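What follows is a short report on a single structure.
The values are calculated or read from the model by the stated rules, or taken from the named source; none is laboratory data. Note that the structure is predicted; figures quoted are calculated from it, not measured. Cβ placement follows ideal geometry from the backbone for every residue including glycine, while neighbour counts extend to all protein chains displayed.
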Amino acid sequence: MQQLFVRHQARLRQAGVAFWGPDVMRSAGLKDFVSSHVAGQAPLTGLANARAALALHVRTAHGCGKVVISDENLAGAMRVNYAQAALYPDALVRLSAVAELVPEQPSAIFVTIRDFAGYWRSVHAHLALRGVVRGSIDSTRLAASEGNSWLPFLRAVRTVFADTPINVMHYENAIVGRLSAAMLGHMLTVDMQAGTTGNASLGPEALADIAAVPAGPARTARIAAHRKAAKPLNNPFSAAETARLSTAYESDWAALRKGEITGVTAEPEFAAEGVE
């Protein structure tokens with residue numbers, strides 16, 4: 001979705017929508033704010049500097065009635081999730097820092113959640129692509145973890161943004177179109193969505209090929225080529241592990257459908273059909 005909104009920033013701006021993706025939220029003065037603030041490194045000075053940096057983007061967005069912010073790193077880091085076999089375990093403190101930074105509380109929050117087997121495969125491929133992890137996925141440790149639940153993360157979001165409606169959607173191949181339409185409306189986004197899907201996770205052979213290319217435009221092009229030709233990855237989890245992870249994901253959706261977290265709404269279409 002971030003790539004989609006970047007490609008159509010001019011159109012969004014004409015519709016009164018500004019988009020702050022990673023290029024904004026990780027720009028000078030903002031990139032390390034959340035981590036530094038959480039670590040207690042000069043919190044007052046750091047917050048003032050970050051607010052000053054964000055003010056430049058606020059001025060750029062002048063005249064827009066809506067600002068869309070999208071950056072996963074605001075909630076946490078994949079490397080931490082993988083190391084702790086949990087989903088954004090420090091989201092509460094990180095999002096609290098974000099709440100201090102932004103000039104207004106959000107009018108709505110959209111969260112896409114993914115089945116755990118697919119999520120961990122994606123995380124491992126992402127970290128392997130960047131050389132953070134080596135070797136095969138630690139499937140046994142990940143499948144056995146009690147951290148396989150989206151509910152603690154969603155409770156953290158609810159705690160920080162207590163008055164903001166939170167909408168939860170199921171992540172799958174068509175998520176880009178569904179999410180952008182839910183956020184900005186079908187009329188604005190319908191003809192922006194052609195050919196848009198989530199980034200495909202890459203297998204060991206593709207990762208090895210990419211690792212041989214130095215960082216730069218050639219490596220970026222190689223990654224794009226592999227993603228374009230990517231086939232579904234083999235499931236590294238055993239049948240028993242896959243069943244455990246599926247049960248945990250179904251349990252999350254059952255809880256969301258029952259309204260276990262006040263102010264969090266499960267996607268009606270997916271909630272009605274159940275987990276496949």
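Side notes on the structure shown:
To keep it simple, each residue is scored yes or no on (1) more than 26 Å from residue 19 (Cβ to Cβ); (2) at pLDDT 85 or above.
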{"site": "111", "(1), (2)": "no, yes"}
{"site": "138", "(1), (2)": "yes, yes"}
{"site": "145", "(1), (2)": "yes, yes"}
{"site": "162", "(1), (2)": "no, yes"}
{"site": "166", "(1), (2)": "no, yes"}
{"site": "173", "(1), (2)": "no, no"}
{"site": "198", "(1), (2)": "no, no"}
{"site": "209", "(1), (2)": "yes, no"}
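- Qualifying residue in the stretch 109-120 (condition: assigned to a loop (DSSP other than H, G, I, E, B), farther than 26 Å from residue 247 by Cβ and aliphatic (A, V, I, L, M)): no
- Meets criteria (hydroxyl-bearing (Ser, Thr, Tyr), under 21 Å from residue 169 (Cα atoms) and in contact with a Phe, Trp or Tyr (Cβ under 9 Å, 6 or more places away or on another chain)) for residue 82: no
- When each of 85, 99, 108, 117 is tested for being among the hydrophobic types (A, V, I, L, M, F, W, C) and out of contact with any Ser or Thr (no Cβ under 7 Å at 6 or more places or on another chain), the lone residue that passes is 99.
Residues checked against (1) modelled with pLDDT of 70 or more; (2) not in a helix (DSSP H, G or I):
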{"position": "213", "(1), (2)": "yes, yes"}
{"position": "224", "(1), (2)": "no, no"}
{"position": "233", "(1), (2)": "no, yes"}
{"position": "246", "(1), (2)": "yes, no"}
{"position": "256", "(1), (2)": "yes, no"}
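- Selected residue [at pLDDT 90 or above and either part of a helix (DSSP H, G or I) or in contact with a Gly (Cβ under 8 Å, 6 or more places away or on another chain) (or both)] from 260, 269, 205, 241: 241
- Hits in the stretch 36-61 (condition: within 25 Å of residue 78 (Cα to Cα) and either part of a loop (DSSP other than H, G, I, E, B) or touching a Lys or Arg at 6+ places or on another chain (Cβ under 8 Å) (or both)): 38, 39, 40, 41
Yes or no, residue by residue, for (1) surrounded by fewer than 16 Cβ atoms within 10 Å (Cβ to Cβ); (2) more than 23 Å from residue 109 (Cβ to Cβ):
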{"residue": "32", "(1), (2)": "yes, yes"}
{"residue": "36", "(1), (2)": "no, yes"}
{"residue": "40", "(1), (2)": "yes, yes"}
{"residue": "44", "(1), (2)": "yes, yes"}
{"residue": "55", "(1), (2)": "yes, no"}
{"residue": "59", "(1), (2)": "yes, yes"}
{"residue": "63", "(1), (2)": "yes, yes"}
